[in-house]
Structures are given as C-alpha cells and as structure tokens.
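A.B. asks: There's a structure below that I have some questions on.
Throughout, read-outs are computed from the coordinates displayed, never taken from laboratory work. Keep in mind the model is a prediction, meaning the values are calculated, not measured. No Cβ is skipped: glycine too gets one built from the backbone with ideal geometry, and neighbour counts run over all protein chains shown.
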Amino acid sequence: MTERVKREQVVLVVDDHPLNLELIEGCLADVDCRVITATDGIEALELVKKECPDLVLLDVMMPRMDGYEVCQRLKESPEGKLLPVVMVTALGQIADRVRGLEVGADDFIVKPIERVELVARVRSLLRVKQLYDRLDDAQRTIFALARAVEAKDHSLEDHTRRVGLNARHVGEALGLDEEAVDDLLWGGVIHDIGKIGIPDSILLKAGPLNVEEFETIKRHVFIGEEIAGPLRSAHDLLPIIRHHHERVDGSGYPDGLAGDAIPLLARIVAICDAYDALISDRPYRPGLSHSEALATLDRGAGTQWDADLVKVFHTIVNDLVSEPEAATR
Ligand SMILES: [Fe+2]
C-alpha cells in the first residue's frame with residue numbers, strides 16, 4: 001500500500017520590519033513547517049488566497065492596514081475562517097488583547113519574542129489546524145456520498161445542489177443567521193444521503209411502489225442519520241436529514257411531527273426538494289413547468305408544507321427564474 005504523503009504545513013509571518021521576519025524565521029527553523037513572509041497586511045491577504053497557509057503570525061502595527069483589520073478580514077473570508085491567527089504585539093495592554101479577540105485572533109505573543117514560547121504556540125496551533133483539516137475531510141466524504149446517491153439515479157443529477165442553493169436563498173430571505181443559512185445549503189445537498197443504503201431495484205423503480213417497498217424507502221432518513229451522526233461537522237444537519245419528509249398536518253414520516261414541531265430547516269428543505277422534484281423529468285413522467293410546480297406547492301400549503309414558507313419560496317424562486325441562467329434550465 002502506498003503511504004499517504006503528509007502535506008507540509010505552511011506558516012505565514014507578517015511584519016513590516018525585515019529584521020523581525022528574520023528573527024521569527026530563525027526561531028521556527030526546528031519546527032516542521034515551511035515559512036513564507038509578507039511585509040504588510042494587503043500582501044498577507046493576497047498570500048493567504050494563493051498559498052493557503054495553516055497558521056498566520058501577524059504583527060499589529062503595520063502601515064497600509066494594521067493587524068486587527070487583516071485579522072478581521074481573514075476571519076470573515078471563506079479561506080480564513082478556520083485559519084488560526086496569532087497576533088504578535090509590543091502592546092501588552094488588556095484593551096489590545098480584547099480588541100484582538102473581538103476581531104477573531106486565536107492567540108497572542110508579546111514582543112520581545114521568546115523563542116521557546118513561540119515554538120510551543122506554533123506547534124500547538126499547527127496541531128489544531130490539522131484537526132480542522134480532518135473535519136474538512138469529513139465534510140468532503142459526505143458530499144462524495146451525496147454525489148454517489150445521484151450517480152445511482154441519473155434523474156437526480158444535480159438535484160441536491162439545486163435543493164441546497166434554493167434552501168439557502170429561502171434562509172437568506174427569512175433573515176436567518178449565517179450558520180443556519182450554511183446549514184440549509186449543506187443540508188439541502190446531503191438530506192437524501194441515506195438513499196445510498198436503499199436497493200437500486202426499489203430506488204430506481206419506474207412505476208409506483210408497493211407498501212413494502214415504500215416502507216423500505218422510508219428507511220433512508222434513518223440510514224442518513226446513521227451515516228452523518230458520528231460526524232461532528234454534520235451534527236446540526238441531522239434534523240434536516242431525519243425530518244424532511246414530515247408533513248405539517250402530521251401525516252408524514254418518520255415521527256409524524258406537525259406544524260412548528262417540525263424543525264424549521266427541515267420544513268424549508270422539504271419545499272425546495274419537492275419543487276425541484278416536480279420540475280425534473282422522471283422515467284415515468286415529464287417535469288412540470290415552473291408555474292405548475294408552484295401551483296402544486298400552493299395546493300399542498302397548510303397540509304403537506306408550511307404555508308408561510310411556501311409564500312417565501314414563491315418570491316425567491318420567481319426572482320431566480322427571472323435570471324437568464326436559471327430560465328434556461
Ligand atoms: Fe428524502
């Protein structure tokens with residue numbers, strides 16, 4: 001078996017004084033990492049995009065853009081969210097630390113730099129970053145499984161991605177927080193992941209399912225929960241996976257929850273899932289038009305789907321359909 005080659009971790013050191021850069025580089029000579037340097041904040045932000053470092057050591061007082069602003073911008077960007085940042089500062093005041101924490105800094109080192117302390121902090125934060133990376137691997141794995149479900153059934157191609165994108169739009173229209181909006185995107189993509197455990201003879205059956213086959217297909221919500229359950233990064237998505245087939249009148253599965261007892265994110269994904277299924281061609285029927293699909297959702301509003309959310313869905317999907325790219329779908 002080929003041994004997995006470990007990627008060398010990269011540390012970005014940002015300081016406007018070349019002597020400080022040299023000093024820190026010297027201190028890190030014994031740490032198993034590659035050091036790259038930037039002499040101001042703007043260059044640092046560009047390097048983060050280009051080199052995807054694993055840790056940033058950031059001087060606070062710099063021309064053009066100070067360390068606080070660099071840190072804040074990093075933590076707000078997708079590539080910087082999970083990137084540990086250490087502020088290196090000559091300022092020992094509590095107020096400066098508080099400001100650093102407010103902009104998302106993970107740790108502080110006070111100048112003059114002690115080699116032993118710097119090496120210990122860098123080693124420990126690089127280990128933390130390795131853990132974050134493994135979490136990312138877990139996310140990639142479940143996405144791959146979601147794609148595998150689509151590969152089993154060609155009529156589902158790209159279905160889950162569209163469900164996720166529409167669910168995210170609904171979340172944004174409702175003014176949900178960023179985390180919930182992210183969960184909707186993710187949850188929309190992986191909500192049917194449990195179908196990987198359903199036999200193809202049932203999953204791909206062109207005609208109507210008999211009672212026994214329907215009972216088998218219903219199990220996909222439990223199988224999905226089992227697959228995603230152990231993954232900490234997917235924990236918040238479990239209600240979407242389990243409850244996306246509940247109906248607001250309480251006649252859905254698996255728990256027969258009604259109305260607001262069904263988790264909000266699951267109610268949103270249920271509508272986006274149904275809409276996309278309705279407009280898609282199936283082996284046994286052609287897809288409905290956009291307005292026919294919306295009319296079907298309206299008929300089921302208040303029994304199958306949350307009536308208020310169906311109204312919100314109308315607004316977002318009408319906006320999307322009026323965009324030229326979506327109109328050609
Ligand atoms: Fe499902």
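A.B. asks: Which cross-chain or sequence-distant (5 or more) residues have an amide H under 5 Å from the amide H of Leu288, H modelled 1.01 Å from N in plane?
C.D. replies: Distant-sequence amide H within range of Leu288: Ile279, Ser280.
A.B. asks: Using θ = phi - 60° and the Karplus curve 6.51 cos²θ - 1.76 cosθ + 1.60, what whole-Hz ³J(HN,Hα) does each residue of the range 115-132 get, with Gly and Pro shown as x?
C.D. replies: 4, 4, 5, 4, 4, 5, 5, 4, 4, 5, 6, 5, 5, 4, 4, 4, 5, 4
A.B. asks: Continuing with this model, one more query. Quote to one decimal, in nm, the extra length available between Ser201 and Lys81 on full extension: 0.36 nm per residue of separation minus the C-alpha distance between them. Don't jump to the answer; show the numbers that get you there.
C.D. replies: On the way: separation 120, 0.36 × 120 = 43.20 nm, distance 4.31 nm.
The Ser201-Lys81 span can extend by a further 38.9 nm.
A.B. asks: Report, by chain and number, residues whose modeled amide H sits under 5 Å from the one on Val10, excluding near sequence neighbours (fewer than 5 apart, same chain).
C.D. replies: Amide H to amide H, under 5 Å and 5 or more residues apart or across chains, Val10 pairs with Arg34, Asp54, Leu55.
A.B. asks: Given R₀ = 45 Å, what would the calculated FRET efficiency be for Phe222 paired with Thr315, taking r from the Cβ atoms and rounding to 0.05? Don't jump to the answer; show the numbers that get you there.
C.D. replies: Values: r = 34 Å, r/R0 = 0.76.
After rounding to 0.05, the efficiency reads 0.85.
A.B. asks: Apply the a/c threshold of 1.5 to the C-alpha gyration tensor of the range 10-132 and tell me whether it is rounded, prolate or oblate.
C.D. replies: On the way: a/c = 1.20, a/b = 1.05, b/c = 1.14.
Rounded, since a/c falls under 1.5.
A.B. asks: In the chain, how many lysine pairs have Cα atoms under 17 Å apart, counting only pairs 8 or more places apart or on different chains?
C.D. replies: Close lysine pairs found across the chain: 13.
A.B. asks: Okay, moving on. Placing unit charges on C-beta atoms (Lys and Arg positive, Asp and Glu negative, everything else neutral), compute the dipole magnitude of the range 153-327 about its Cα centre in debye, rounded to 20. Write down the numbers at each step before the final one.
C.D. replies: Numbers: 15 positive and 31 negative charges, 91 e Å.
That gives a dipole near 440 debye.
A.B. asks: Using only the Cα atoms, what convex hull volume per residue in Å³ does the chain have?
C.D. replies: Numbers: hull volume 58.7 nm³, N = 329.
Measuring per residue, one finds 178 Å³ for the Cα hull of the chain.
A.B. asks: Shifting gears a bit: Using only the Cα atoms of the range 153-327, what are the Rg and Dmax in Å?
C.D. replies: Calculated on Cα positions, Rg and Dmax stand at 15.4, 44 Å.
A.B. asks: Tally Lys/Arg at +1 and Asp/Glu at -1 over every other residue whose Cβ is under 14 Å from the Cβ of Leu257; what's the total? Please list the in-between numbers first.
C.D. replies: Numbers: positive: Arg242, Arg247, Arg267; negative: Glu246, Asp249, Asp255, Asp260, Asp306.
Counting the neighbours of Leu257, the net charge comes to -2.
A.B. asks: With contacts defined as alpha carbon pairs under 8 Å and 6 or more residues apart, what's the relative contact order of the range 55-118 in percent? Before the final figure, lay out the partial values.
C.D. replies: Values: 82 pairs, mean separation 21.9, N = 64.
RCO, the range 55-118: 34 percent.
A.B. asks: Could you list which residues have their amide H under 5 Å from that of Thr37, counting only those 5 or more apart in sequence or on another chain, with H placed in the peptide plane?
C.D. replies: Excluding prolines and chain starts, which carry no amide H, the hits are Val13.
A.B. asks: Which of the listed residues, Pro18, Ala206, Thr315, is farthest toward the dipole's positive end in the chain, when Lys, Arg count +1 and Asp, Glu count -1 at the beta-carbon?
C.D. replies: Ala206
A.B. asks: Among Ala148, Thr89, Ala180, which residue has its Cα furthest toward the positive end of the charge dipole of the range 68-180, with +1 on Lys/Arg Cβ and -1 on Asp/Glu Cβ?
C.D. replies: Looking along the dipole axis, the top candidate is Thr89.
A.B. asks: Roughly how big is the chain's charge dipole about its Cα centre, with Cβ charges of +1 (Lys, Arg) and -1 (Asp, Glu), in debye to the nearest 20?
C.D. replies: With Lys and Arg at +1 and Asp and Glu at -1, about 640 debye.
A.B. asks: Measure out, as a whole number of angstrom, how far apart the alpha-carbon centroids of the range 25-62 and the range 152-200 sit.
C.D. replies: Going from one Cα centre to the other spans 36 Å.
A.B. asks: In degrees from 0 to 90, rounded to the nearest 10, what is the angle of the helix 159-173 Cα long axis to the longest principal axis of the chain?
C.D. replies: 70 degrees
A.B. asks: Order of 208-217, 289-298, 176-185, 262-271 by packing, highest average Cβ count within 10 Å first? Before the final figure, lay out each step's value.
C.D. replies: Details: 208-217: 12.1, 289-298: 15.3, 176-185: 16.8, 262-271: 24.3.
By packing density, highest mean first, the sequence is 262-271, 176-185, 289-298, 208-217.
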